[in-house]
Structure formats: C-alpha cells, structure tokens
Amino acid sequence: MNYSDVEKYLFGRRRMGMKFGLDRVRKLMKDAGNPQEKFRTVHIVGSNGKGSTTALLSEILRHLGFRTGRMTSPHLFHYRERAAVDGRWIPEEEVVRFVELFRDRIEEHSATFFEITTVMSAWHFMNSGVDLVVAEAGLGGRLDATRLLGGSCTVFTGVEIEHRRILGSTEAAITAEKVAIAPKGSALIAFRQKPEVERIIVQATEEGNLQRTIPEQAKNAPLPGEHQKRNAGLAIAAALQLTKCDDASVMTAFYKSCSTLKWAGRIDLRSGHPSILFDVAHNPGSIAFLIKYLKSGWKTPVPAMIGFLEDKFWREMILQLKGIFNPVITTTPLNERCLPAKTLAAEFRKNGVEATWEDNIGVALEKGRSLASDILVVTGSFFVVGDAMRQSWEKGWITMPAEGEEPRQLFDHVTNVDSPPSCDV
C-alpha cells in the first residue's frame, strides 16, 4: 500500500461513525504492544481552547528539553498532523507501516477511525522515544479513546453545551463526562468555574482523590485573543505540574514558546490582497471570542465566508453574527455531517444578513475575495477553514507559511514555493 491508499482506507473507517466503549481500542492498543505505557501523558479536555492549550503546552515542554508527542483532532490541513513529535507530523511511511502491520487486527476488532488514530499515535510516540505526550481528548472523556493513554495530569479548559445526545444536556453533565478521564489520584488543573460546573469539579476532585491546581491567567499569550491568556495560564500550570521544574525555568520556556509557537487557524490573520482572517470558530463560545477580536480592531460588519457542520448550534451563531458579518458567502464542509450551504444562506437572509451560497469551497473563497477590500473572514468548521487556507496558499492569495511553521510541512517537497502543486488532504 502507498500513503494515498492508506489514507483512503482510514477515512473509509469514518463510515462506522462513533461507537461507545473502550474494549476495541484496548484490544488494539494491546496488539500494538501497549505503547501508552512507555511515556507519561497529560490530557486536555473541554469545549474550547483544547487545541491551543495542547499546542502551547507541547511547545513549553519542548523548550524545557523534553521530547514531546502531541495528539490533536480534528486535523486542519492533513491527517498526519494529528500525531506530531516535537512539532513534526508523523511521516507518511510510518502511517503506512502501522496500517500494514495491524490491518488484520483493526478489522478483527472493528476499530473506528478515531480509535485507530489514537493507537497509531501512541505507537509512533513509543517508537520516537518521547518523554511526555500532550493529548487533546476527542469527543468527551469517560469513553474517549484517549483515556487509554492513562494521563497523570488532566487540564480542563472549560465547557459549553455540545454533543447533547452523547455527553448530556447540561453543562454540569458534560463536565462530569469530560473530567471522568482523570485517573484516581492524578492531578487536575482547572480555573474556578460557574457554580453548577464548579460543583461537579469539586465533586470529581473529592471522589477521585485528585490534586487540583487553580491556575492564574497569564499576562500575555502567543496567540491573539484575550481568552488565550487563560489557555496560557493552564499550559504554564500543567508544565509546572508535569516536570517539577522551578517557576523560572518554566516561565523562560513559556516566553520562548511565545516566539516560536505557530498554530494555524486560530484568529489567524494572513496578509494578502485582501488579507484573510482564518478562525475555526464552530460553537457559540468560540464565535464570541472571534467577535470580540474583530470589534477590537476592525470596523464591522466585514465580509465573510462560513460553513458549519449540521450538529452545531448554527442558528444561535447566526444570531450572534448579525451586524458582524455582511455580506456572507456560505459553503459546504467536506464532511459527512455537513450543513448544506444553501440552508445556511437561507437562515442568514432570514435574519437580515445579505448571503449567497456556493457548495465548492474554492469557488466560495473566490467570491468572498471579490467582495472584500481590506479583510475577508473565513470561519466555521475545521473542514472549511483548513481547505480554504490551503487553497489560498496554493493560489498565491496569501503569503506562504514561514520557515519552521507547521503548515509548511504541506509544501516540504516543493522547490518553488510561489506556485506549489495541489496537495491531497
């Protein structure tokens, strides 16, 4: 099998959907040699900020001298970014080797896409000799495949209503599911929460004999947006807990990380004509962060291109965006749970926002650029933002990723970066 064949096989496992339980992933992990036992893990759980906190903590640990694995989901540009060691995505040949070695076991256990990716990531981390792994949890906590990594520390970024059918219909219920990932006697890092959520955190801490740390918000952060200071505070506290390094060493590593961290797609302004602001805001909380940022530096409304998955609170987000976005080009995410662009545009128009629709992301992006003079906002699903950013680079509409920036790994094989070929993501 070549990499393209393997990627198609893995994405084909998505048709199985999400399955509850840990038996399948436990069996596959055992088949792979229980790689999770070869390193220590910190779990990042919550509704918003998981990816940014994971990325920053990984960078801090790297600057402290630890070989660090990082597991994130979903991917923005390429499947391989889900498992990275010291910022480098898992090589194509390693993905191929894993599937060739364990395909029979994958089939035998009926392992899902996310379960396979979790085990493959742990296997790659073991083979790479990592010291610590920072793992962004998937859907929840208690039944999340990453629970098998057995984190010695859990970071809770906060909660809002999501995935009600699976996690529960209240913030308290969702919190209980998410913090259940923390093993008994381990560390928990969480800010003080609103009363109903705080009650669950306290209860989990007492019942699980967890050592809770309440961090301080950082004075600055490497990523834009006031909310990133809270994420930075969580990452600093986790680094102190995990490494037992002194405050001065951790803060030195943090300040280095503020200069070196590149985390695409999070309130991410890329220069061009027009410049494009990319942001994977796909729930009401992250949309609120985006709105706050736009109001602090831009005259609204601004033109936007947007697309959501159908299981998100897209009607509520449209109400939030009235007066912020106008006109709007809606598009359809490349995902089986996509919300049709036509449906989204109709809802925007019903709420007094000028909107047209275009299913094809590339065509929608061109239309959006034609409507913008200074800035175009591209937001919504990962499956919209990542594809739009990649196409913008390929067509020369925004500046290429800088040396050392992760998205540049898409173009590592390109000699003339001014006109890179299409990439299959």
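Quick notes on this one:
- Proxy reagent accessibility, fewest Cβ within 10 Å first, across K229, K295: K295, K229
- With neighbour counts taken as other beta-carbon atoms within 10 Å, the residues H227, H109 rank, fewest first, as H109, H227.
- Binning the C-alpha pair distances of region 58-196 at 10 Å intervals from 0 yields a P(r) profile of 11, 36, 35, 16, 2 %, listed from the shortest bin outward.
- Mean Kyte hydropathy of -1.0 or more with a Cα span along the axis of at least 30 Å, helices from DSSP in the chain: none
- Of K229/K395; K299/K367; K262/K350; K322/K342; K50/K350; K178/K295, pairs whose Cα-Cα distance is over 27 Å: K229/K395; K262/K350; K50/K350; K178/K295
- MRE, 222 nm, helices only [DSSP H, n ≥ 4, -39500 (n - 2.57), over the chain, to nearest 500]: -13000 deg cm²/dmol
- Förster radius 45 Å - calculated FRET efficiency between N360 and T260 (Cβ-Cβ, nearest 0.05): 0.80
- Per-residue extension of 0.36 nm, minus the Cα-Cα distance of E310 and A402, leaves a gain of 29.7 nm for this segment.
- Inter-label distance, nm, simple model (7 Å from Cα along the C-beta direction), E206/E93: 5.6
- Each of the peptides 150-159, 333-342, 199-208 was scored by the mean count of other Cβ atoms within 10 Å over its residues; in descending order, highest first, they stand as 150-159, 333-342, 199-208.
- Label point distance in nm, R67-E216, each placed 7 Å from Cα along Cα→Cβ: 3.5
- Principal semi-axes of the equivalent ellipsoid, √(5λ) from the alpha carbon gyration tensor of region 268-411, are 22, 17, 14 Å from largest down.
- Å³ per residue enclosed by the Cα convex hull of region 1-136: 106
- Histogram of C-alpha separations across the chain, 10 Å bin width, %: 5, 22, 32, 28, 12, 1
- Rounded FRET efficiency, nearest 0.05, which uses the C-beta distance separating E160 from K30 and R0 of 41 Å: 0.70
- Taking amide hydrogens as placed 1.01 Å from N in the peptide plane, the amide H of R212 sits under 5 Å from those of L188, each at least 5 positions away in sequence or on another chain.
- Note on E216, E405, E59: ascending count of other Cβ atoms within 10 Å places them as E216, E405, E59, the fewest first.
Coordinate-derived values only; no laboratory data. Keep in mind that this is a model prediction, so the values were computed, not measured. All Cβ positions, glycine included, derive from the backbone under ideal geometry; neighbour counts span all protein chains shown.
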